[in-house]
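Inspection log for the structure reproduced underneath, given as structure tokens.
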Amino acid sequence: MSRLVVVSNRVAPARSGGGTGAEGGLAVAMQGALKDRGGVWFGWSGKTAPHDSGKADIVEIGATSYATVDLSQQDYDEYYTGYANSVLWPLFHNRIDLTDFSRRDRAGYQRVNALFAGHLQPLLQKDDVVWVHDYHFIPLGEFLRQAGCTQKLGFFLHIPWPPMEILLALPNHRSLVQQLCTYDLIGFQTEADKHAFLEYIQQEAGGEVLSGGRIRAFEQTPAVKVFPISIDTADVATLARRAENGAQSKRLKKSLLNRQLITGVDRLDYTKGLIERLEAYQHLLSRYPAYRGHVTLLQIAPPSRSDLADYQRMRRQVETIAGHINGTYAEFDWSPVRYLNRGFKRQTLMGFLRLSTVGLVTPLRDGMNLVAKEFVAAQNPEDPGVLVLSRFAGAARELESALIVNPYDIEGVAETLAKALSIPIEERRERWSAMFKHLSRYDLIYWRESYLRALEAAPCAAAAA
Ligand code: ADQ
């Protein structure tokens, strides 16, 4: 088996003696693959430094090297805050209005990708397979090839691929897509993302779709496939079961005084639809007064990218509306909204999901949304809660027996919430077991292994050259 080289913006080293309990599922999946095959996990250190040291900082744990590179403040501003998070992130989530097209940032993004390729290339061995993750690194494959890398190169996009009309708004969209086509395998979350990509390839790039899942464009013939990311379903179920009797879950349960719990868990990001969600909840309380005093919305929203103005503005809006709902409807012994800006240990979080009557997952656009899947896996099979899920989350294409909503339709979401709070137990079990069965089969390991199998099978452009 060839060694695996994983590239992602942030690197999560395995800790000897087990993890902290706070690691995400993806980190655990990558660590598992690296442990089995040996290899390298490469990315940004998360730190800025005045000068490039000329080589990556390497920590060896078992058969894996964790290799990280510092960025200069300018690189951080232009590559990370700038092009990745102020151009590609909003644009790929259909937010042209928030996209800040700057040539300086585009140059910084290309420069950092070239820098990373220069640091990674010397760490590669002949038979390695390289798996690059996400929008930060679209150009990396091309720079690696230019640096003489002949290994197989795979790319997986965790966020949605935008419709062609939206992508056309990006200056230099053609060269970005050309760089993406340098990879031997391009993976998307959903058929819809793949479809949007193929539309661009055929209509804008003059390319064609070949048999066997490959395309021809920009004189390259990469394979293009769909791999919906998932969770470690069995592990989430175990964590949630264990958490049920833990101190935090007990405290939460006691504090609810038998009220029904609606839970939302999202990074504080404008793609997650938090404002619309709170408006829908407000509408529920206004339109269905019987719920006043009988439901609680627990919204957990750890801050992210707080140095960006759009995130600061959205945070203020969320705070205003959460405060307004509490100001309007709270009683001296009941607050309708509990709004928390902090992270939790995974087990604690899964315990909270298990206690919830409703999981409210209403992004305006989301590549997949793992919280939706975690909510399902965390439920008590005897008394499962109901998932209310946005049709614009990739997860909605698999979790068909959730209550699917349009997050922009505030009244519609409120109505669905009212329905979710009163679904009879038989129907809840039926809906839940269909979703749980699906997630038990299509879990994170399935995702990882099917991607790696496809990467092994994809012809390598450098070998053909
Ligand atoms: P994200 O936008 O970060 O991921 P999501 O898929 O929901 O969104 O993953 C978030 C993860 O963080 C979940 O596992 C969740 O449990 C965890 N988390 C959230 N809040 C937390 C808190 N307060 N404490 C602890 N853990 C918390 C991007 C894309 C998604 C895609 C994923 C994976 O935007 O669409 O599903 O990558 O590909």
Next on the checklist: Against the definition (closer than 22 Å to ALA84 by Cβ, among the hydrophobic types (A, V, I, L, M, F, W, C) and either surrounded by fewer than 17 Cβ atoms within 10 Å (Cβ to Cβ) or more than 16 Å from the ligand (Cβ to nearest atom) (or both)), how does LEU210 come out, yes or no?
Outcome noted: no
Next on the checklist: I'm checking my understanding of the structure. Among residues of the range 330-346 that are buried (at least 19 other Cβ atoms within 10 Å of the Cβ) and not in a loop (DSSP other than H, G, I, E, B), which one is nearest to the ligand (Cβ to nearest atom)?
Outcome noted: ARG346
Next on the checklist: Go through (1) more than 21 Å from TYR408 (Cβ to Cβ); (2) more than 28 Å from the chain's Cα centre (by Cα); (3) among the aliphatic types (A, V, I, L, M) for LEU298 and report which single condition fails.
Outcome noted: (2)
Checklist entry - Which pairs do you get when a residue that is free of Cβ contacts under 8 Å to residues at least 60 places away in the same chain and in the same structural domain as GLU142 (by TED's automatic domain parsing), found in the range 154-177, comes within reach of a residue that is away from the ligand (no atom under 16 Å from the Cβ) and aromatic (Phe, Trp, Tyr), reach meaning Cβ atoms under 7 angstrom, with the pair 6+ apart or on two chains? => result PHE155/TYR183; MET164/TYR200; VAL177/TYR200
Item to check | Those helices (runs of 4 or more DSSP H) lying entirely in the range 191-296 with at least 3 residues over 29 Å from ARG354 (Cβ atoms) and among the aliphatic types (A, V, I, L, M) | outcome: 191-203
Item to check | Single residue of THR221, THR190 found to be touching a residue at least 40 places away in the same chain (Cβ under 8 Å), assigned by TED's automatic domain parsing to the domain that holds GLY141 and more than 16 Å from the ligand (Cβ to nearest atom) | outcome: THR221
Checklist entry - With (1) within 16 Å of the ligand (Cβ to nearest atom); (2) over 22 Å from the mean Cα position of the chain (by Cα); (3) surrounded by fewer than 23 Cβ atoms within 10 Å (Cβ to Cβ) as the list, and GLU244 as the residue in question, which single condition is left unmet? => result (1)
Item to check | Residue in the range 20-33 that is modelled with the lowest pLDDT, counting only those that are surrounded by 14 or more Cβ atoms within 10 Å (Cβ to Cβ), within 14 Å of the ligand (Cβ to nearest atom) and of a type outside the set (A, V, I, L, M, F, W, C) | outcome: GLU23
Checklist outcome for this item: Just one listed residue, out of GLY385, GLY394, GLY359, is away from the ligand (no atom under 13 Å from the Cβ) and farther than 17 Å from LEU268 by Cβ, and it is GLY385
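Which members of the range 34-69 meet the condition of being small (Gly, Ala, Ser) and buried (at least 19 other Cβ atoms within 10 Å of the Cβ)? Let's see the steps before the verdict.
Filtering the range 34-69 down to residues small (Gly, Ala, Ser) leaves 38-39, 43, 45-46, 49, 53-54, 56, 62-63, 65, 67.
Selection gives GLY39, GLY43, ALA56, SER65, ALA67.
Is there a residue in the range 170-182 that is small (Gly, Ala, Ser) and within 16 Å of the ligand (Cβ to nearest atom)? Please lay out each step first, then the result.
In the first step, residues of the range 170-182 are kept if they are small (Gly, Ala, Ser); the result is 175.
From the residues that got through so far, the ones that are within 16 Å of the ligand (Cβ to nearest atom) too are none.
Looking for residues that are small (Gly, Ala, Ser) and within 16 Å of the ligand (Cβ to nearest atom), one finds none in the range 170-182, hence no.
The values are calculated or read from the model by the stated rules, or taken from the named source; none is laboratory data. Values in this document were obtained by computation on a predicted structure and should not be read as measured data. Ideal geometry is used to build each Cβ from the backbone, glycine not excepted, and the neighbour counts take in all protein chains shown.
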